[in-house]
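Participant: I have a structure here, written as structure tokens, and I will follow up with some questions on it.
The values are calculated or read from the model by the stated rules, or taken from the named source; none is laboratory data. The shown structure was predicted, so the numbers you read here are calculated from the model rather than taken from an experiment. FYI the Cβ positions are ideal-geometry reconstructions off the backbone, even for glycines, and counts take in every protein chain you see.
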């Protein structure tokens, strides 16, 4: 009877496959309203007749979550009969590396020792992996809506253009 050791390549392949499977477990849900406390999706609250607070909760990269918040602000603006909106305040909650997944790092170490008549030295290479997975992120926009010509401000958006650019309406 012989026993065959799969070797480092086989063990590494098994670990890598496990990481890929675990990394895909949490991802940004399709665009839509928030379903339940702590769920992904948009929510809004009226502050005044033309002022709202729009929040989009998601998982992973903050960029798509911010886009979804802008998209919801544009949809809300058009639904209420307005032409443009201006972001008066913006909050982004989440880490810059919220996307998670495999985040490799490499380290090199050199060492030597002497014990009695024996001495030795070695070089080691290590590979670290971030297995935390994607984390929660959110963007909240406080907006003021208006009709007619859009104000000349970098924080003002044409609602139709935003909706068109982000794939809706």
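Participant: Find all pairs meeting these conditions: Cβ atoms under 6 angstrom apart; at least six residues apart or on different chains; first residue within segment 15-42 and over 19 Å from residue 167 (Cα atoms); second residue modelled with pLDDT under 85 and surrounded by 16 or more Cβ atoms within 10 Å (Cβ to Cβ).
Facilitator: 23/101; 26/133; 26/134
Participant: Kindly provide the set of residues from segment 34-47 that are farther than 16 Å from residue 70 by Cβ and outside any loop (DSSP other than H, G, I, E, B), ordered by number.
Facilitator: If the condition is that a residue be farther than 16 Å from residue 70 by Cβ and outside any loop (DSSP other than H, G, I, E, B), then 45, 46, 47 are the ones that fit.
Participant: Among the residues of segment 56-71, write down those that are in contact with a helix residue (DSSP H, G or I) (Cβ under 7 Å, 6 or more places away or on another chain) and within 19 Å of residue 157 (Cα to Cα).
Facilitator: Of everything in segment 56-71, those that are in contact with a helix residue (DSSP H, G or I) (Cβ under 7 Å, 6 or more places away or on another chain) and within 19 Å of residue 157 (Cα to Cα) turn out to be 56, 70, 71.
Participant: Give the number of residues within segment 140-160 that are part of a helix (DSSP H, G or I) and free of Cβ contacts under 8 Å to residues at least 40 places away in the same chain. Spell out the reasoning first.
Facilitator: Taking segment 140-160 as the starting set, the residues that turn out to be part of a helix (DSSP H, G or I) are 159-160.
Within this subset, residues satisfying the condition of being free of Cβ contacts under 8 Å to residues at least 40 places away in the same chain are none.
Qualifying residue count for the region: 0.
Participant: If you don't mind, another one. Kindly indicate the residue of segment 48-75 that is modelled with pLDDT of 95 or more, outside any loop (DSSP other than H, G, I, E, B) and over 14 Å from residue 140 (Cα atoms) and also nearest to the chain's Cα centre (by Cα) among those meeting that condition.
Facilitator: So the residue we want is 75.
Participant: Is it the case that some residue within segment 85-105 is assigned to a loop (DSSP other than H, G, I, E, B), closer than 24 Å to residue 47 by Cβ and at pLDDT 70 or above?
Facilitator: Yes, segment 85-105 has at least one match.
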